[in-house]
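Accompanying notes for the structure given below.
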Amino acid sequence: MLTVELLAGAVASAQSRPVADSVAFMKALQLESDGRYREAAPYYRATLFGADGQNAFLGLERVYAELGWTDSLLAPLDSLLRLRPADPIYRSAQLRSLQSLGREAELRIAFDDWTRAAPSDAAPYREYARMLLQRNRSSLADSVVAQGKRAMGSIRGLESEVAQVRASTGDWIESARAWRMALAFSPELDQAAAYSLMPIPSATRDSVRNIFLAPPAAVASRLALARLEMTWGAAANGWRALRDLPPDSTSVDAWIDFAERAESDGQWAMARDALIAAGKARPSAALSLRAASAALNAGDANTALLLIPLSGAGTDSARIARLYVPLHVRALATVGRVDEAQSLAASFNRWLVPALRSSITRTVAWGWVRRGDTDRARQALAAVGPEADSSDTAGWLALYEGDLRTARHLLRTGTESTPELALALGTVARIKVDRAPEVGAAFLALARADTIAAAAGFVAAAAATPDAASTLMSIAAQLYVARKDDPRAIMLWSRILDQLPQSAEAPEAELDWARALLRKKDAPAAIAKLEHMILNYPQSALLPQARRELDLAKRIIPAADAAH
Amino acid sequence: MPHIDQMIHKGGARRSIRFGVLLFLAAAASTAGGQKLLVPMDDEQQNHLKAYGLTYNAIKANQKAEWLLNYRGGAFLLPDLPALRREAALDGITVEQISNARVDQIRAEMAAANMDAVPLEKAPKVAVYTPPDAAPWDDAVTLALKYAGIPYTPIYDDEVERGDLTKYDWLHLHHEDFTGQLNKFYYTYRDVPWYVEMTNANLTAARRLGFANIPGLKKDVAERIRQFVEKGGFLFAMCGATETLELAIAGRTVDIAQAFADGSPPDPGADAKMDWKMALAFRSAHVEPSAYVSSMSDIDGHQVNVPGRRQPLGSFTLFNFSAKFDPVASMLVQDHRAVIADFFGVTTSFTKALLKPGVTILAFEPGAPWVKYVHGDYGKGTWTYFGGHDPEDPQHVIGSPPTDLSLHKNSPGYRLILNNVLFPAAKKKPLKTSP
């Protein structure tokens, strides 16, 4: 109460001075921006009924909030609402103030007053419903939007609130329909729609997809669906939602937006397709280069080469060397055209800055490694100079030649982080000797994508390297599984369990064996294996997974695709 | 605690043991060295739900078990048998081997506190009233029974009508609408294939069993269930089965079904004609007269499918009973959590003002006009109602994926369901001191 009296005095003082409204308003703004809220308040109050009235009121609301005097806003609000009873700014502020003060009964009365003052306006229903939703009072919000619908004869202007209410009650279909309507008028709500619909259960998703995909195709609803699909882990569906949009400027923006998210999520194939589509509608070298880079990351080197032909790269050799040559060399090395990659690198050598030259040379060396030509890989690395000896590629070369000591050092300190590296590091860490040509040969076969030779190589290496025999046999078994050759894999798991039952790979072998039996639909044998594994390896980190798979095998819990 | 491989080895069952628990338990006649297995049910327990299955199977194999009410979350005391240790290891159930001296210490501790040991002697024969084509995942109770490894027999209208209920001790009602109106989904789903199929199947069964329509059949089934309880059966129901069973019993001679279900509009004076004397739990409820309102009556406090009436979810609190003087109610609320998040169902809760005198409130929401979990005696039997559909899926909707209980193995809500399965096994006769 003291606060109110002080303010009243200050305002009287301010009003008594012949200060023009705008000068007082500017003064208030300045004081507010200086953090002098207590001094700014009387100036704002002095201009509430002038030309800057609404802005002054919002300023007053801000400084009162900073001072914790929100209750003092109610008196001037009453005066302003008597003058302009349907003004949405004042009405919204009234609801906000009453809500922050926790005056529930007055809040409801204020809302009812607003609906009477503006009978054909959706704003009161919208604002009040939003407040209720923010406080998780979805049933009351539901009744408010229903009241608005009755009053206005439609949900026009309340679409997003209806959508949020429906989502909060799990009525996903109606929520999606309302979001679709809301997006037609407010396309900027696409992120809000996606966020709201994210928890939809998988069994309902197709119905929601149909709602967003229904004609006419609208960019905002398609973009919302694409965002949803990304959060559901279905990036391909996300792109399908967008790809048939007409290639106008809003669609291109949507494609680029989707591509950015796909790039950040590592969904390279989707990013490639979106960038190609965007590039066709809005051609640019930057988009082509991004599309080529995405294609390469997606393992699609041939498309990368087609997207950025050197013939269309212009005449600025330095620019070509910086932007085009690295991608071309990588693509050519990936598809096995290492000679061409090496020639291209040599022809632009004079325009390459040292760091880029070193990187490109390592890429060429990696290409030779992929071809299994370690001599030429070494020659290529030699061209880089001494720095190349400490590269990831040099680490891989050392591994392929069986020099495990060097491989351990270089691969551990390198910049690469791939599943292949994790496998190599995990394997060499288990081997105590510094040289193991059999292990190197097996990894080299794997690098050449010769799975059969690699699997045989790891089995041979197991015989020659007893301290890592279980690891090497386990790798070989995984390779056989990848080739759908379960019988050979089972032979290896059996050897691990019989000969090396105390090894770290033994419980994993038994679990994998059970999975192979389940693939054969031999549930009883799989159950026996899983039970044996659980009982014999009670300390294994795989136990929770084994128990879950045991429950699944016994049909105690529903399979992932079960629905009802 | 020794490793399980050591324990299994000690029990002489190291390798390739494929057997049913019952068979093995029968063979393992004596316990290991006068020891017991304590199955803690507090936060030490890694799999609360399967612990019930372990105990149930021990009783079923004629082993002695005890329920230590209010001790470590409602622990179980079992004989220390290799087969039980094996089952515990396979299922990831925490068990502790304790000596008889330690058992004596525990008993002394319990004697001085609000705790009691209840012997569990006879595994109840469990039936679940559920449509023949329903998957186990359709219903929270069948999910829980299946996950815990407690055997049950599915029965439906044909079995009930031919008198099979007498074969069972314990009956659970799948989320059935005993008013025969198929949860009033008609105007929302009448053209949807699953609804059409469900209607046809129920109508065919009604005609085959000699009834003109579905409400006629379901009311008769409800009456037989009432008689089952009256004669000493244990009834457990959840969700809409609770409310509609009451309405079907009280409205046995009143037309409370909409025209879409039986061809005639409901009696406008239905409320006055309902005979609540026969009902198990409620009295004086108001039957919802509109076909377009997805609600059966004012028994449900939350009215989830009625937009203007729907109430938000809160949490419910379990009542703390005297273990020594009211063991039945105590058994039903054994849990490692006293406050549990609420969950919706066609019937989510029960309006307190409509409960009959003498009904035991097991769980309530403080300050709310509804309660969540209630229990009572009826004739020689007992009934328990638990509102809501799925304790781990608070807003379950048609088409939602089934709940995977391996992801909720410590669920306090599901524990309440399983308490109901075990309590009929208790030897002690209930002495009621209801709140």
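All of the numbers you see were taken from the coordinates with simple rules; none came from a lab. Quick caveat, the model's predicted, so the values are computed rather than measured. Methodologically, a virtual Cβ is constructed for each residue, glycine included, from the backbone with ideal geometry; neighbour enumeration extends over all protein chains shown.
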Taking Cα pairs under 8 Å and at least six residues apart, what relative contact order does chain A come out at, in percent? 4 percent
Exposure proxy check: A:H532, B:H172, B:H286 ranked by fewest other beta carbons within 10 Å? B:H286, A:H532, B:H172
What does the average come to when, for each residue of peptide B:305-313, you count the partner chain Cβ atoms lying within 10 Å of its Cβ? 4
Short version: ³J(HN,Hα) in whole Hz for each residue of the range B:192-208, in order, from phi by Karplus 6.51 cos²θ - 1.76 cosθ + 1.60 (θ = phi - 60°), x for Gly and Pro, what are they? 7, x, 5, 6, 4, 5, 5, 4, 4, 5, 5, 5, 4, 5, 4, 5, 4
P(r) weight above 25 Å for the range A:274-390, C-alpha pairs, percent: 22 percent
Run lengths n ≥ 4 of DSSP H only: what is the helix-derived mean residue ellipticity at 222 nm for chain B, with -39500 (n - 2.57) per run over all residues, to the nearest 500? -9000 deg cm²/dmol
Taking the beta-carbon count within 10 Å as an exposure proxy, list B:F211, A:F443, A:F348 from fewest neighbours to most. B:F211, A:F348, A:F443
Checked the range B:275-360 against the a/c 1.5 cut and the a/b vs b/c comparison, axes a ≥ b ≥ c from its Cα gyration tensor; verdict oblate
Normalised alpha carbon radius of gyration of the range B:184-273 [divisor 2.2 N^0.38 Å]: 1.15
Give the separation of the Cα centroids, the range A:96-130 to the range A:278-321, in Å. 56 Å
Shape call for the range A:61-114 from the C-alpha gyration tensor, a ≥ b ≥ c root eigenvalues: rounded (a/c under 1.5), prolate (a/b greater than b/c) or oblate? oblate
Calculate log10 I(q)/I(0) of the range B:126-425 for q = 0.08, 0.10, 0.13 Å⁻¹, where I(q) comes from the Debye formula with a single equal point scatterer on each Cα and nothing for solvent. -0.31, -0.49, -0.87
Can you tell me the equivalent ellipsoid semi-axes for the range A:413-503? Use √(5λ) from the Cα gyration tensor, largest first, whole Å. 20, 16, 12
In which sequence would A:E127, B:E161 go, from the one with the fewest C-beta neighbours within 10 Å to the one with the most? B:E161, A:E127
Distance cut-off 21 Å, Cα to Cα: go down the list B:K64/B:K122; A:K520/B:K50; A:K484/A:K521; B:K60/B:K231; B:K356/B:K380 and report the pairs above it. A:K520/B:K50; B:K60/B:K231
How many Cβ atoms of partner chains, on average, are near each residue of A:525-538 if near means within 10 Å of its Cβ? 4
Label-point gap, in nm, between A:R435 and B:Q35 - each point 7 angstrom along Cα→Cβ: 5.4 nm
What shape does the protein assembly as shown have by the C-alpha gyration tensor, where a ≥ b ≥ c are the square roots of the eigenvalues, rounded means a/c under 1.5, and otherwise prolate means a/b greater than b/c and oblate the rest? oblate
With charges only on Cβ, +1 for K and R and -1 for D and E, what is the dipole size of the range A:158-233 about its Cα centre, in debye, rounded to 20? 180 debye
Peptides ranked, highest mean first, by Cβ atoms within 10 Å: ranges B:212-223, A:86-97: B:212-223, A:86-97
So what's the Cα pair-distance distribution over chain A, bin width 10 Å, in %? 3, 12, 14, 15, 17, 14, 11, 9, 4, 0, 0
Suppose the chain between B:D271 and B:D191 were pulled fully straight at 0.36 nm per residue; how much longer would it get relative to their current alpha carbon spacing? 25.7 nm
On average, how many beta carbons from a partner chain sit within 10 Å of the beta carbon of a residue in A:138-146? 3
With contacts defined as alpha carbon pairs under 8 Å and 6 or more residues apart, what's the relative contact order of the range A:49-155 in percent? 17 percent
How do B:83-96, A:135-148, A:494-507 rank on mean C-beta neighbours within 10 Å, highest first? B:83-96, A:135-148, A:494-507
Kindly state, as a whole number, the per residue volume in cubic angstrom of the convex hull around the alpha carbon atoms of the range A:142-188. 63 Å³
Computed Kirkwood radius, in angstrom, where 1/r is averaged over Cα pairs of the range A:494-549: 11.0 Å
Taking amide H positions as placed in the peptide plane 1.01 Å from N, state which residues far from B:F236 in sequence (5 or more) or on other chains have amide H under 5 Å from it. B:L171, B:H172, B:L173, B:T384
Give me the base-10 log of I(q)/I(0) for the range A:228-302 at each q in 0.11, 0.24 Å⁻¹, Debye formula, one uniform scatterer per Cα, rounded to two decimals. -0.23, -1.06
Taking the Cα centre of chain A as origin, sum charge times position over the Cβ atoms of Lys and Arg (+1) and Asp and Glu (-1), and report the length of that vector in debye to the nearest 20. 580 debye
Farthest towards the positive end of the dipole of chain B, among B:W67, B:C239, B:T351 and with Cβ unit charges of +1 on Lys and Arg and -1 on Asp and Glu, lies the Cα of B:W67
Taking the Cα centre as origin and putting +1 on Lys and Arg beta-carbons and -1 on Asp and Glu beta-carbons, what dipole magnitude results for chain B, to the nearest 20 debye? 1380 debye
Could you order peptides B:276-283, B:379-386, A:188-195 by the average number of other Cβ atoms within 10 Å of their residues, highest first? B:379-386, B:276-283, A:188-195
Hey, any idea what the orientation-averaged projected area of the convex hull of the range A:21-160's Cα atoms comes to, in nm²? 8.6 nm²
Over all directions, the range A:150-226 yields a Cα convex hull whose mean projected area in nm² is 4.9 nm²
Across the range A:363-369, in residue order, what do the Karplus-derived ³J(HN,Hα) couplings come to in whole Hz, using 6.51 cos²θ - 1.76 cosθ + 1.60 with θ = phi - 60° and x for Gly and Pro? 5, 4, 4, 4, x, 5, 4
Using θ = phi - 60° and the Karplus relation 6.51 cos²θ - 1.76 cosθ + 1.60, list the HN-Hα couplings for the range A:111-124 in order, rounded to whole Hz, with x at every Gly or Pro. 4, 4, 4, 5, 4, 6, 6, 10, x, 9, 9, 7, 4, x
I want to verify a result. In a Gaussian network model of chain B, Cα cutoff 10 Å, which of these has the top mean-square fluctuation: B:G53, B:G345, B:G163? B:G163
